[in-house]
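The values are calculated or read from the model by the stated rules, or taken from the named source; none is laboratory data. All values derive from a computational prediction rather than experimental measurement. Don't worry about glycine lacking a Cβ; one is built from the backbone with ideal geometry, like all the others, and counts go over all protein chains shown. Surface accessibility is based on the protein's heavy atoms, side chains included, excluding ligands, DNA and RNA. Shrake-Rupley method; radii C 1.70, N 1.55, O 1.52, S 1.80 Å.
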Amino acid sequence: MVACIKSFPISNSHFTPILFTYLLLLSFSASTTPILAINITTLLSSYPNFSSFTALLSSTPSLANELTGCSSLTLLAVPNSYLSASVDFTRHLSPFSLADLLRYHFLLQYFSWSELHQIPTSGVLVTTLFQTTGRAASNSGTVNITRNPITNTVTINSPPPYSTSNATVLSLVKTFPYNISIISVNSLLVPDGFNLMASETRPPLGLNITKALIDGHNFFVAASMLSASGVVQEFEADERGAGITLFVPTDTAFADLPATVSIQSLPAEKKAVVLKFHVLHSYYPLGSLESIVNPVQPTLATEATGAGSYTLNISRVNGSLAINTGIVQASVTQTVFDENPVAIFGMSKVLLPREIFGRNPISTSKPGNAVMGTAQPPDISLSPESSTGYDGQPSHLSSPPGFREDIKSGSRVEAAINGLQSLILALCCTVLYVAV
């Protein structure tokens, strides 16, 4: 900035208060420019050399929803010439296993090309998207990045002491500074303990969800609604994919709905969205839900309506697993069914999406009406993004090893830095104005 001032002298006649005000406003507008949301699959599709890897990403659309909460990431992409050696086993993977394999290639940290080649020789441990699912044992959802000090070659592998899978960094494909970086590597990475043959050895479950709810003796209303709407067939079809997790309100929960809330009177398409709002498109046993890293989870309704909408916030409240919609907070009362790839949990309240029922808290509990003897957490008006647990307050949503805090708060840190830059620029303009 000093060099520019020297190259283009400013006279009193030209540096007017109007110009000063313009520069000041320009500095603040630059600092508040929003970050552009980028579809990585679309971006990578412009590179023919990665068409096979792009096809794998396109076959798992749920990944796009999971990436919306990441402020910075690095994708490890495999070129066609190297991926061809792995085609045999990727072809036989179930969508559930393939999605987890691909999650292992998303590093939840931005690395520029120069930063990769400044990695300490001792290496660094970096969290991947796979770690956030809660299905990665210990730190098997992380990768270890090392650099050879002699050749300056960067290698990415499973964390020690196993390191059974490794890949060498080839080149930089594309970068959007401080947000997205796509790096080319020479091999697919496989998490330690990941069973590539699981899809071939696991028998299809073929669970009749409606029957399972009826056998639960407290879910007749939900079973009737699912059967009448026809969405239960869609849920059962997902059993053969990534699996599903259903949060099913008890009959008491439906009875406790206020008179102002009538799900039955909704149009058929909205009623289906409400039902899909109770389902996660992935299998989560109770232990995984309690230790989930990213509390804001997309639902089947998210996939039907667009990223960022119809999300659930999963946290721990008063010792119970709680699900918050932004206008209703409910607790898990029981496990109805849990066998990979389907988990069904009973809920103390009906999960009402704010996109349909408004943004004001809705009280769905009647005095003295406790469900399953479980203490009911209070209704809160916070949105899923700002409710308890999003910033790591409750203990069970702590980050795994190597998970940097700037993944959760990168946008706030960036805003603070931009604000400081704006302040410095404004002060310089002020001093310059007074001087001339």
By residue number, the members of region 169-181 that are crowded, with 20+ Cβ neighbours inside 10 Å and within 21 Å of the chain's Cα centre (by Cα) are I180, S181
Quick one: in region 103-144, which of the residues that are surrounded by 23 or more Cβ atoms within 10 Å (Cβ to Cβ) and among the aliphatic types (A, V, I, L, M) is farthest from I180 (Cα to Cα)?
A136
Does L275 meet the test of being modelled with pLDDT of 90 or more and closer than 22 Å to L67 by Cβ?
no
Residues (of a type outside the set (S, T, Y), touching a helix residue (DSSP H, G or I) at 6+ places or on another chain (Cβ under 8 Å) and open to solvent by less than 20 Å² (accessible area, probe 1.4 Å)) located in region 276-301:
F277, V279, L280, I292, V293, P295, L300, A301
Name the single residue, out of those in region 68-92 being surrounded by fewer than 20 Cβ atoms within 10 Å (Cβ to Cβ) and of a type in the set (A, V, I, L, M), that is modelled with the highest pLDDT.
A85
Picked from region 237-257 (must be modelled with pLDDT under 90, aliphatic (A, V, I, L, M) and touching a helix residue (DSSP H, G or I) at 6+ places or on another chain (Cβ under 8 Å)), the residue surrounded by the most Cβ atoms within 10 Å (Cβ to Cβ) is I244
Select from region 278-313 the residues that are modelled with pLDDT of 85 or more and either in contact with a Cys (Cβ under 8 Å, 6 or more places away or on another chain) or β-branched (V, I, T) (or both) and write down the one among them that is nearest to I244 (Cα to Cα).
V279
